Amino acid sequence: MISKEENILFAAEKLFAEKGFEGTSTREIAKAANVNISMISYYFGSKEKLYEKLVEYRMEEGQFFSKDILERTDINDWEKIEKIVDQFAGRVRHHKCFYRIMQREQLYTLNPHIVDFLKQTKMGFISMYTKNPPIYLLHSTVSGTLFYASNAKEMYKEFLNNTDDEDAFDEKYYTELNTHIKYLLKDLLGYEENK
């Protein structure tokens with residue numbers, strides 16, 4: 001069961017992804033969340049603060065998971081990378097609205113709090129890794145591949161003349177995407193398993 005605050009966050013997430021921050025009103029958010037508009041002020045103070053909270057909420061989810069994986073001693077470095085790729089790809093797949101918002105934010109953000117938060121979060125991700133080649137480049141490779149592939153999924157479905165229903169194609173597509181990214185990383189990082 002989600003809290004009233006999370007209900008508002010998730011309703012706002014869908015609207016922000018569809019219409020952008022400027023194109024979404026607090027009235028629309030309240031209607032989508034099925035709450036009184038005053039609840040947005042009560043929980044968040046303003047639409048801007050709601051937006052900031054959404055970014056923090058989603059980004060922190062992923063960062064905690066990655067940190068936990070990297071601290072594990074029962075798996076090797078490659079298994080850690082595989083788990084992080086699986087987790088990241090799963091998040092992009094299941095939180096499409098949020099990652100659409102993040103792509104827009106990286107291009108057009110005017111909110112200094114979000115700019116700083118995104119920077120700090122990315123710095124946190126890349127500082128967790130120490131293997132060569134430099135991880136900041138690998139992070140860009142993985143992120144760019146996931147975001148592009150996620151946005152182009154319908155085009156690829158048409159290109160493949162795939163007639164599967166949406167869920168079946170989604171499962172196959174993201175499984176192949178995960179495998180593709182792991183092969184790239186194995187080659188770039190020089191893991192023997194790929195030879």
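The table that follows gives values for the structure above.
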| quantity | calculated |
| --- | --- |
| Per residue accessible area of the chain, 1.4 Å probe, in Å² | 59 Å² |
| ³J(HN,Hα), Karplus 6.51/-1.76/1.60, whole Hz, each residue of segment 85-100, x for Gly, Pro | 4, 4, 5, 5, 4, x, 5, 4, 5, 8, 10, 4, 4, 5, 6, 5 |
| Lys/Arg +1, Asp/Glu -1 at C-beta; the chain dipole; positive extreme among Val92, Leu15, Ser38 | Ser38 |
| Potential extension, Phe147-Glu166 segment - 0.36 nm per residue separation minus Cα distance | 5.0 nm |
| Close Lys-Lys pairs in segment 8-103, where close means Cα under 25 Å and separation is 8 or more or interchain | 23 |
| Using a Förster distance of 25 Å, the FRET efficiency for Glu18-Leu188 (Cβ separation, nearest 0.05) | 0.10 |
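The values are calculated or read from the model by the stated rules, or taken from the named source; none is laboratory data. This is a predicted model, so every value here is computed, not measured. Quick reminder, even Gly has a Cβ in these numbers, built from the backbone with ideal geometry, and neighbours come from all protein chains shown. The protein model used for the area step is the full one, side chains on, heavy atoms only, and it has no ligands, DNA or RNA in it. Shrake-Rupley method; radii C 1.70, N 1.55, O 1.52, S 1.80 Å.
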